[in-house]
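Heads up: the structure comes next, in C-alpha cells.
Quick note: the coordinates plus some simple rules give every number you see, no bench work behind them. Everything quoted here is computed from the prediction, not taken from an experiment. Here the Cβ positions follow ideal geometry from the backbone for every residue, glycine too, while neighbour counts run over all protein chains shown.
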Amino acid sequence: MSSTIRFLHHPTSQPCRAVLQLLLETGIPFEEEVVNLMDGDNEQQSFKEKYNPTGQVPILCDGDFVVWESAAIGFYLSEKYNIPDHWFGATVQQRASVQQYLHWHSTFLRRGAGAFFYTHFAECIWGKRDYSKEIEKGKYTLYESMALLEVWLTKHNYLCANEISFADLQGYHEFVSHVAGDILVDADWQQHPRIKQWFDAISERPHSKAVNETIMQVGAMRLAGDLIPMTRRTSLAKGTEITPETPG
Ligand SMILES: N[C@@H](CCC(=O)N[C@@H](CS)C(=O)NCC(=O)O)C(=O)O
C-alpha cells in the first residue's frame, strides 16, 4: 500500500484548486490524479462506488481511506500533517472562524459559480440554449456574497485573521474563475476595493499562477468563442432548471 496520499482533482474546479494550493503551499507530499471531468469519467458507476457517490471532485485517498468535500479534506490534512497554524487556526476560536467561513462559503459564494458555469461550460455540454436565468441566479448570489465579503474584510487583511488561511484559498479560487471568464468587470472591483486588494495579495503567492493556469486558458478559449472539447452531455451541477430532456 502506498504511503503517499493521492489527490484526485481537476484544474478547472474551484474547490480542487483550493486544496491543490494548500498541498503545494504546505509541501505535503502527494500523488496527483486528474479526473477527466470533460468526458464524464466521474459519472461512471465504478468511479462513484470507488471514490465518491456524488461523483464530485476533489477527493483525497490515504491508503484505503477516502474523503471528499474540500473542507473536510482540508481539515483532514491539517490534523494529519504538521502544517503552520495559520492555515486552520491556532486557537479554538481561530479554528471556529475558519469553519464559520467554510460553512458560509458552501451555501453562498460557491453557488455564485453558476455565473461562470452557465456562461462558459453549459454551452460546451448542452449546446446553445438560453442560460440567462441560470447566469442571473449565479450573478445574484455572487454579488450578494461580494457585498458581505467586502464587510468581512474590514476586520483583518484576510478572511479570518491577518494571515492567510484555508478559508481564503476557498474564496480566492471562486474569484479566479470569475476573472478567467470575465464575469467580473472593472466596475465590480472598484465597488469592492477590499476584495480586490485581498485577491491581488493571494494572486502574488508563489503557487497561484501555476494553479490558475488551466482555468485561465479555458477562460481565454471561451472568450475567443471556442468550445472546450468534451464528450459529456450531462453535468452534476446542482440547482439547475436545465435537464438533458429540456428542449434546446
Ligand atoms: N462541496 C464540494 C463541491 C465540489 C464540486 O462542486 N465539484 C465539482 C467541480 S467544481 C464537480 O466535481 N463536478 C463534477 C461534474 O459536474 O461532473 C466541495 O467543496 O468539494
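Computed values, structure above
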quantity: For the chain: relative contact order, % (alpha-carbon pairs under 8 angstrom, 6 or more apart); calculated: 24
quantity: Eligible lysines near residue 137 by straight Cα distance, threshold 27 Å, same-chain separation 8 or greater; calculated: 128, 196, 238
quantity: Cα shape, segment 57-124, gyration tensor, a/c 1.5 rule; calculated: oblate
quantity: Residues residue 93 and residue 66, FRET efficiency given R0 of 45 Å [Cβ-Cβ distance, rounded to 0.05]; calculated: 0.90
quantity: Overall Cα dimensions of segment 92-223, principal axis frame, Å, largest first; calculated: 49, 29, 27
quantity: For segment 5-85, Kirkwood radius (reciprocal of mean inverse C-alpha pair distance, Å); calculated: 12.8
quantity: Out-of-range pairs (alpha-carbon distance over 25 Å; input 50/209; 133/155; 50/80); calculated: 50/209; 133/155
quantity: Ranked by how many other beta carbons lie within 10 Å on average, peptides 164-177, 62-75, 110-123 from highest; calculated: 164-177, 110-123, 62-75
quantity: ³J(HN,Hα), Karplus 6.51/-1.76/1.60, whole Hz, each residue of segment 82-90, x for Gly, Pro; calculated: 8, 9, x, 4, 4, 5, 10, x, 8
quantity: Expected-Rg normalisation [2.2 N^0.38 Å, Cα atoms] applied to the chain; calculated: 1.00
quantity: Least to most buried among 163, 134, 79 (fewest other Cβ within 10 Å first); calculated: 79, 163, 134
quantity: Calculated FRET efficiency for the pair residue 100/residue 48, C-beta based, R₀ 25 Å, to 0.05; calculated: 0.20
quantity: Segment 50-96 versus segment 187-219: alpha-carbon centroid distance in Å; calculated: 24
quantity: Nearby aspartates and glutamates by direct alpha-carbon distance to residue 139 (threshold 18 angstrom, same-chain neighbours under 8 apart not counted); calculated: 123, 130, 150, 174, 182, 186, 188, 241
